[in-house]
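Mind having a look at this structure? Questions to follow.
The values are calculated or read from the model by the stated rules, or taken from the named source; none is laboratory data. What you are looking at is a predicted structure, and each value in this text was computed from that prediction instead of being measured. Counting neighbours? That spans all protein chains shown, and the Cβs are built from the backbone with ideal geometry, glycine included.
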Amino acid sequence: MPTNIAAHTLSKERSRNFSNSLIVVFSSLGIVLLTGCANVIPPCNAKTSPPSSELRNTKWELTRWNLPPNSSGEVRTRQIPQGEASNPIQISFDAAGQRVSGSSGCNRFTAQLDEDARGFTITKIVSTKMACTPQRNELENDFLYELNDYRSIVRNGDQLLMIGADREVLSFTQRPNTNK
């Protein structure tokens, strides 16, 4: 009988050690994920899905492009070269809150804003088709796809995040709007 009590006590001790190890592992993993995604997670005072009226007459420049996390959970960034003739990727919201337009670096685009209770969507995107380098064409096509496919938008002062269904995050910084 004493052997069973010792075995049971040893089993409880192993179980407790295993539980403690799991807690340490998951806590560490949580800290790593939060730290690694800190530039993606919006701060508490950020506004998710702001109405388009809050974005009227504003101009934004793409300053960071986070790709979806890889299989290890690491957030990777995509290089954003300056456009042909130093044109950055920009998006502007019109004064009426019905259209967006901008530069995808080499070409210009325009689109319609459709709004409902959940926020707004960007639809009917059209773009010019000037000749660009193959790398720039790929970047522009991907950018316009993300505009068409974003799932949520977050504004925090002069920062705007567009988060895609695939968890790509386009980070914009507000710029002075010269077309008022």
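Given the options Val32, Val75, name the one that is at pLDDT 60 or above and more than 30 Å from Gln98 (Cα to Cα).
After applying the criteria, what remains is Val75.
Can you name the strands (runs of 3 or more DSSP E) wholly within the range 65-180 that have at least 2 residues being of a type in the set (A, V, I, L, M)?
108-116, 119-127, 150-156, 159-164, 169-175
Return the residues of the range 118-136 that are more than 15 Å from Phe93 (Cα to Cα) and under 21 Å from the mean Cα position of the chain (by Cα); say none if nothing qualifies.
Correct list: Arg118, Arg136.
State whether one or more residues within the range 142-151 are surrounded by 12 or more Cβ atoms within 10 Å (Cβ to Cβ), over 16 Å from Ile91 (Cα atoms) and under 14 Å from the mean Cα position of the chain (by Cα).
yes
Given the criteria in the same structural domain as Lys59 (by TED's automatic domain parsing), under 21 Å from Glu54 (Cβ atoms) and in contact with a strand residue (DSSP E or B) (Cβ under 6 Å, 6 or more places away or on another chain), does Ser152 qualify?
Considered against the rule, which asks whether it is in the same structural domain as Lys59 (by TED's automatic domain parsing), under 21 Å from Glu54 (Cβ atoms) and in contact with a strand residue (DSSP E or B) (Cβ under 6 Å, 6 or more places away or on another chain), Ser152 comes out as yes.
Given the criteria free of Cβ contacts under 8 Å to residues at least 60 places away in the same chain, over 13 Å from Lys59 (Cα atoms) and surrounded by 14 or more Cβ atoms within 10 Å (Cβ to Cβ), does Ala111 qualify?
When the stated conditions are applied, Ala111 passes them.
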